[in-house]
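The values are calculated or read from the model by the stated rules, or taken from the named source; none is laboratory data. From a predicted model like this one, the values you see are computed outputs, not experimental measurements. Cβ: placed from backbone, ideal geometry, glycine included. Neighbour counts: every protein chain shown. Areas reflect the complete protein model, heavy atoms only, side chains present, ligands, DNA and RNA absent. Shrake-Rupley method; radii C 1.70, N 1.55, O 1.52, S 1.80 Å.
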Amino acid sequence: LAGLELHGILSKVNRPYDLKPAVDDSVRSGALSAAQGEEALSLLAAAIDSRSEWFSSDGRNELSLFDRFGKEKRPDRVVITQQGVDIIDYKFGDFEPGYEKQVRGYMNIYRSLGYKNVRGYLWFVRTGEVRDVI
C-alpha cells in the first residue's frame, strides 16, 4: 500500500467512524483495489485505535497555516484541547532528519498565535512508533 494513498485516507478521518467511508472512497475511485481497501482499513483502524486520544475530539486535518514569511504550511492533524495543542505529522516510511524541523515549524506558528503547551509528534503509522518533537 502506497503511503501517499494511506495519508490521503487519514486526511479525511476526524473520528474513527470516518475511516471506513474514507477507505471506501479510495476503492470507489480506483486508487485501491477491494483487497487493498481491506488491508488499508485493517492497518489504519489498528493505528487509530492505538492513538485514540488524537481521534476522540474534533481535530483538524490539513489545516492551512501561514508562517511569518507568508508561506503556507499544512500539518497533518492538529488537536486543540484544554491541556494544549497536539500537532501530529503522519509518516509511512523511514525517519528523515528534516521531519523534526517540519513539525517544529508548525509548533512555532501555534506558539506565535499565543497557544501554550504546544506538543509535536511524528507518527510512523505502519510501525506505530511515535517520536516526540522538542
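Beyond 24 Å, what share of the Cα-Cα pairs of the chain is found? Please give it as a whole percent.
Above the 24 Å cut-off, the chain has 29 percent of its Cα pairs.
Which of 54, 70, 33 sits closest to the plus end of the dipole of segment 1-108, meaning its Cα is farthest towards the positive end, when Lys and Arg get +1 and Asp and Glu get -1 on the C-beta?
Result: 70.
What's the carbon and sulfur percent of the chain's accessible surface, probe 1.4 angstrom, rounded to a whole number?
50
Tell me what the chain gives for mean residue ellipticity at 222 nm when only DSSP H runs of n ≥ 4 count, each as -39,500 (n - 2.57), the sum divided by the residue total, rounded to 500 deg cm²/dmol.
Taking each H run of at least 4 residues, the total per residue is -12000 deg cm²/dmol.
Label residue 68 and residue 52 with points 7 Å out from Cα along Cα→Cβ: what is the distance between them in nm?
So the two model labels end up 4.1 nm from each other.
Report the label-to-label distance for residue 28 and residue 94 in nanometres (one decimal), using points 7 Å from each Cα along the Cα→Cβ vector.
3.8
Apply the Karplus parameterisation 6.51 cos²θ - 1.76 cosθ + 1.60, with θ equal to phi minus 60°, to every residue of segment 66-74 and state each ³J(HN,Hα) to the nearest whole Hz, in sequence, with x for glycine and proline.
Calculated HN-Hα couplings, in order: 10, 7, 5, 9, x, 7, 6, 10, 9 Hz.
Could you sort out which of 12/116; 20/116; 20/91; 20/73; 12/73 sit more than 24 Å apart by Cα distance in this structure?
Violating the 24 Å limit, Cα to Cα: 12/116; 20/116; 20/73.
List every residue whose amide H lies under 5 Å from the amide H of residue 73, counting only residues 5 or more places away in sequence or on a different chain, with H placed 1.01 Å from N in the peptide plane.
So residue 73 has HN proximity to 65, 66, 67.
With the cut-off at 1.5 for a/c, could you classify segment 77-116 from its C-alpha gyration tensor as rounded, prolate or oblate?
Verdict is oblate for segment 77-116.
Let me know the charge dipole size of the chain about its Cα centre in debye, to the nearest 20, where only the beta-carbon of Lys, Arg (+1) and Asp, Glu (-1) is charged.
Using Cβ point charges on Lys, Arg, Asp and Glu, the chain gives about 600 debye.
Give me the accessible area per residue for the chain, probe 1.4 Å, as a whole number in Å².
Here the per-residue accessible area is 56 Å².
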